[in-house]
Amino acid sequence: MEFENKTVVVTGAAGVFGRWIAAYFARQGARLCLSDIRREELEAAVRELRLNPAKVLLHTTELTDDASLLDLVDLVRREWKAPDILINNASIYTNFSLLDMEFSDWDRVFSVNLRAPFVLTREMAKLMIAEKRKGSIINISSGTARRMPNESVAYCTSKTAIERLSKGFALELATHGIRVNVVEPNFTPGSAVSRLNDEYVTNIMLRIPLARSNGPDDAPAAIGYLCSEKASFVTGAVLSVDDGNSIDAFESGQMGRMPGIAANR
């Protein structure tokens, strides 16, 4: 119960990973601010995870809109003065050919995956500094920051950028005792926002050495470690929790020795 009554902000909280993260910190006794554009899904998550409504704030956030982002920050300021933990989890995954992608698709990927984490990290860090709170910020990236599947350039580029941004913030916020780290979860199908067809999912799963996607405790446990006192000397780090997916076994000739596919849908 290290996070008992700690204040935790999670973006993309109505999605697969967001719910897992929320469930993890709720079990640890944290107070949660859950953010997503899908209000009904947020409310459903509270019911399904049996969260204590007295310890949960909900915010309907449009991550491409500055006013909405700043309204989320203002809610946290009014209710908590500052968060202890910020988890920039929300992102959009696209698999478009660069020749087919619309300019608006490119812009939305970077607004959600990169610009929103920049704005929220900066503004939440200001709250932490004002309250002299030695907080922790986690940005959710992907092994595709270093390993690029076909037709995923926008997503991969945004994840490479978020890792560099995280290291920059880690340097600048270290003097305030605020740590910034990155978790790279494995591929997990099932997102209602980033829908993928069965053939695409199968092809991705074939590349994963341990042949499974993330389970509900894998990435949250890594996030919990990085936010904990055990990681008090860790900042600017990138922790892969991806079954070895980012090693790129497909390219290194390991394909023939992979076990069978067991996708979690």
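The values are calculated or read from the model by the stated rules, or taken from the named source; none is laboratory data. In this text, all values refer to a predicted model and were calculated from it rather than measured experimentally. Here Cβ is always computed from backbone atoms with ideal geometry, including for glycine, and neighbour counts include all displayed protein chains.
Things worth noting here:
- For segment 26-60, the tally of residues that are free of Cβ contacts under 8 Å to residues at least 24 places away in the same chain, among the aliphatic types (A, V, I, L, M) and not in a helix (DSSP H, G or I) stands at 0.
- Tallying residues that are in contact with a strand residue (DSSP E or B) (Cβ under 7 Å, 6 or more places away or on another chain) and farther than 16 Å from T121 by Cα within segment 131-144 yields 2.
- Residue within segment 164-171 that is in contact with a Lys or Arg (Cβ under 6 Å, 6 or more places away or on another chain) and aliphatic (A, V, I, L, M) present: no
- Candidate set from segment 1-25 (those that are part of a helix (DSSP H, G or I) and modelled with pLDDT of 95 or more); member that is nearest to R50 (Cα to Cα): A23
- Filter result (closer than 21 Å to N113 by Cα and more than 20 Å from the chain's Cα centre (by Cα)) within segment 42-70: A67
- Qualifying positions in segment 166-187 - under 18 Å from V16 (Cα atoms) and touching a Gly at 6+ places or on another chain (Cβ under 7 Å): E184
- Test: residue in segment 200-215 that is at pLDDT 60 or above and either within 20 Å of F118 (Cβ to Cβ) or surrounded by fewer than 16 Cβ atoms within 10 Å (Cβ to Cβ) (or both): yes
- Residue in segment 123-134 that is without any contact (Cβ under 8 Å) to a residue 24 or more places away in the chain and either surrounded by 21 or more Cβ atoms within 10 Å (Cβ to Cβ) or not in a loop (DSSP other than H, G, I, E, B) (or both) present: yes
- Inside segment 55-74, residues that are under 11 Å from L34 (Cα atoms) and not basic (K, R) make up a count of 7.
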